[in-house]
């Protein structure tokens, strides 16, 4: 579990992780700057922020990653937000995503929410792991 920069393995840092997530989340990726902001939030020691990053390795290379944020809330807004989970395209179908989500659920305190696009095939995985669809998200963008 990565909770601060010093926890990253020697071959990985925030920038490389953000690049991996951007590439591996296609076509549902966010801009690298947004991914970097999420990683920054997860690794922050500031009050009201924080979370963790999980990584999966294969042969010394990054195979998958998960970013979990603490929301500082409880109840209507769950305590945690599963912000990103991604598996390298060449490593998909091997259970890495499920393993990362299960571990993230296990070590998180409190409930977890996530956002998933309607067309994202990972939605099936989340249902299999016990996530339910409670709300449709709506946004007003200024």
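The values are calculated or read from the model by the stated rules, or taken from the named source; none is laboratory data. Just so it is clear, the model here is predicted, and its values are computed rather than measured. For neighbour counting, all protein chains shown are included, and Cβ atoms are generated from backbone atoms with ideal geometry for every residue, glycine included.
Values computed for the structure shown
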read-out: Residue that is farthest from residue 67 (Cα to Cα) [pool: residues in the stretch 24-40 that are assigned to a helix (DSSP H, G or I) and touching a residue at least 40 places away in the same chain (Cβ under 8 Å)]; value: 24
read-out: Within the stretch 93-107, tally of residues that are within 12 Å of the chain's Cα centre (by Cα) and surrounded by 18 or more Cβ atoms within 10 Å (Cβ to Cβ); value: 4
read-out: Unmet criterion (only one of (1) under 12 Å from the mean Cα position of the chain (by Cα); (2) modelled with pLDDT under 95) for residue 85; value: (2)
read-out: Pairs, first on the phi > 0 side of the Ramachandran plot and touching a residue at least 12 places away in the same chain (Cβ under 8 Å) in the stretch 67-94, second surrounded by fewer than 19 Cβ atoms within 10 Å (Cβ to Cβ) and assigned to a loop (DSSP other than H, G, I, E, B), C-beta under 7 Å, six or more apart; value: 72/48
read-out: Per-region count, the stretch 45-59, residues modelled with pLDDT under 95 and farther than 18 Å from residue 96 by Cβ; value: 5
